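Bear in mind that the values in this text are calculations on the coordinates, not laboratory data. Fair warning: this is a prediction, and the values are worked out from it, not measured in the lab. Neighbour counts are summed over all protein chains in view; Cβ atoms, including those assigned to glycine, are modelled from backbone coordinates with ideal geometry.
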Amino acid sequence: MDANNTIISLVGVSKVFDGSFVAVDNFNLEIKKGEFVTLLGPSGCGKTTTLRMIAGFELPSKGKIFLGGQDITNLPPYQRPVNTVFQHYALFPNLDVYDNIAFGLKIKKIPYEAKDRHGNTVTKYKRMDAKSIDEKVAKALAIVDLEEMEDRDISNLSGGQQQRVAIARAIVNEPQVLLLDEPLSALDHKMRQDMQLELKEMHNKLGITFIYVTHDQEEALSMSDTIVVMKDGAIQQVGTPESIYNEPVSAYVADFIGESNIYNGTMVGPKQVRFIGGIWNCIDDFPLNEKVDVVIRPEDVELGTPGKGVVDGIISSRIFKGEDYSYVINVGKNEVLCRDTHLKEVGEKVSIHVVKENLQIMHKDLTNNVWDDAYIDKNGNVVIGEDAFPVDLTQLVKGSSVDDDGYVVDPKNKKKFDFRDAKVVAKCTLEDPVISDNLDQGHATGTIVSTVWLGDHYQYIVRTDDEEDFIVNTPYAWNEGDMVSVDIPVAALKLRLKKDLDAYGAD
Ligand SMILES: Nc1ncnc2c1ncn2[C@@H]1O[C@H](COP(=O)(O)OP(=O)(O)O)[C@@H](O)[C@H]1O
Ligand SMILES: [Mg+2]
């Protein structure tokens, strides 16, 4: 570890709640002095918990945290040169801007050394003098661009201005590290974009380390020096915005960072992959017949005259985006997202081509069954490929239940959610799917296309007619080519929404 350059390191940090729930899983990360680092991942992936451990509000169950080379794992929050801007910043409504910012300084006790009457050196505490407080508040106000506003009532400020006061309050103590937990989530879209730029400027002016938490990839891409993509408490990828965007290590990261087309592909020859009904040249070589994830960025999809590309499709929607158009093209049952500057009409037939360097081929994650392009149908089932499976939708909202109309209701605030047509990632373990000779027994049928004996059990791949794979670990013997039914127990099917929960509010 380079102690001069590294300010914070997390070494094997885990957090287990309630004895068994792993919220943060063996987190290893080094953060450089002055860096703007963003923890990015969907709701519930452990971002806040990680931040709270750095701040000292939560102790790791395992692992260590270092600051400037010193072990701070067990240091209480107030002894860490770290400050936090919370998602729900609570300003004092009865105090003006100045007093909100000065509050921490006024109650702060500054240690100093003095001699007692026996001549021994002792540590005493004193308050900060008014002039120093004035200077520090003025400096913080200048950084958040609120000079002249110090006498204003909090209640008369806009959301963006209140957020700036919250930031000023956190930086007035001159922390070495500022932690920001989704600080812009309460602001509207336009305000959020303005504040992104301003936060970046504040970071430059202050020259301190920012650790920023968000589930918004756009925010992460536009502000960060380094992005840490998280999933289920673990780090998926660490890198610059460019490297994460251009070279995602998995379909999960690609899907999370920016818009992507992700397809199930099958290798059909040397550097040849089949998906969405076409055979494409690529630059990666994988074994023949291997199932792979294919990732294509919308801006890499090239449209041409019908018959001139690899597949043809019909434009089903067009949205003007300022610099270009965003198209959805239907190719059979698949959708292809495309960004293009040329004007085309909805209903027009086009060909699709992608140069081979822009087709990213990735190994499938074979530790779980993951279906990236599942959705919820009108009956509340999850559709994988073309097969609908019953699923427990209440898992999407903690402690919720389903009402008579099929809405998921949060009992705490009576909020209703409508998940019909919601795009989801569906998941289960390899032990969960149940296969049977009785073709009426499951919610899908398929053919066993691969069998492997793994010492004490078999691993099968069951492929449906629409080329969805179910990987199944079981002690029972089947043969390649057998037709079987597949079912997944309701309790085993896990869902992750592709959009934020707020997008499904039904009231
Ligand atoms: N104090 C706690 N007790 C039990 N579970 C918790 C506690 N805090 C967080 N969790 C759980 O840990 C997981 C990660 O939470 P969190 O770090 O808040 O995620 P994020 O900030 O990425 O949305 C969630 O499943 C959450 O419910
Ligand atoms: Mg959080």
What's the angle, to the nearest 10 degrees (0 to 90), between helix 189-206's Cα axis and the longest principal axis of the chain? 50 degrees
log₁₀ I(q)/I(0) of segment 260-363 at q = 0.11, 0.15 Å⁻¹, via Debye over equal Cα point scatterers, no solvent, to two decimals? -0.32, -0.57
Taking a virtual spin label 7 Å from the Cα of Leu75 along the C-beta vector, which residues in segment 1-44 bring their backbone nitrogen under 19 Å of it? 1-14, 29-35
For Asp96, residues with placed amide H under 5 Å, excluding near neighbours: none
Within segment 467-507, what residues put their amide N at less than 14 Å from the label point 7 Å along the Cα-to-Cβ vector of Lys412? 501-502
Place the peptides 320-332, 439-451, 110-122 in order of packing, highest mean first, counting for every residue the other Cβ atoms within 10 Å and averaging per peptide. 439-451, 320-332, 110-122
From the backbone phi of segment 301-306, what are the Karplus-calculated ³J(HN,Hα) couplings (6.51 cos²θ - 1.76 cosθ + 1.60, θ = phi - 60°) in whole Hz, Gly and Pro given as x? 7, 10, 9, x, 6, x
May I ask for the percentage of alpha-carbon pairs in the chain that lie more than 38 Å from each other? 39 percent
Tally the DSSP beta bridges in the chain and give the antiparallel ones as a percent, rounded to 5. 85 percent
Under-13-angstrom lysine pairs by C-alpha in segment 369-504, whenever the two are 8 or more apart or on separate chains: 8
Directionally averaged shadow of segment 163-280, computed from the convex hull of its alpha-carbon atoms, nm²: 9.7 nm²
By average C-beta atoms within 10 angstrom, highest first, the peptides 211-224, 291-304: 211-224, 291-304
Lysine-lysine proximity count for segment 78-143, Cα under 19 Å, sequence distance 8 or more or distinct chains: 18
Correct semi-axes for segment 387-507, from √(5λ) of the alpha-carbon gyration tensor and rounded to whole Å with the largest first, are 34, 13, 12
Angle between the chain longest axis and helix 130-143 axis [Cα atoms, degrees, rounded to 10]: 30 degrees
Taking Cα atoms, the helix 97-107 axis meets the longest principal axis of the chain at an angle in degrees (rounded to 10) of 70 degrees
Report relative contact order for segment 41-107 in percent, whole number only (criteria: Cα-Cα under 8 Å, sequence separation at least 6). 21 percent
Sequence-separation-based contact order of the chain, relative, with Cα cut under 8 Å and 6+ spacing, percent: 10 percent
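Dipole size in debye (nearest 20) for the chain around its Cα centre, Lys and Arg Cβ +1, Asp and Glu Cβ -1? All intermediate terms of the calculation are to be shown ahead of the outcome.
Working: 54 positive and 80 negative charges, 483 e Å.
Result for the chain is approximately 2320 debye, rounded to the nearest 20.
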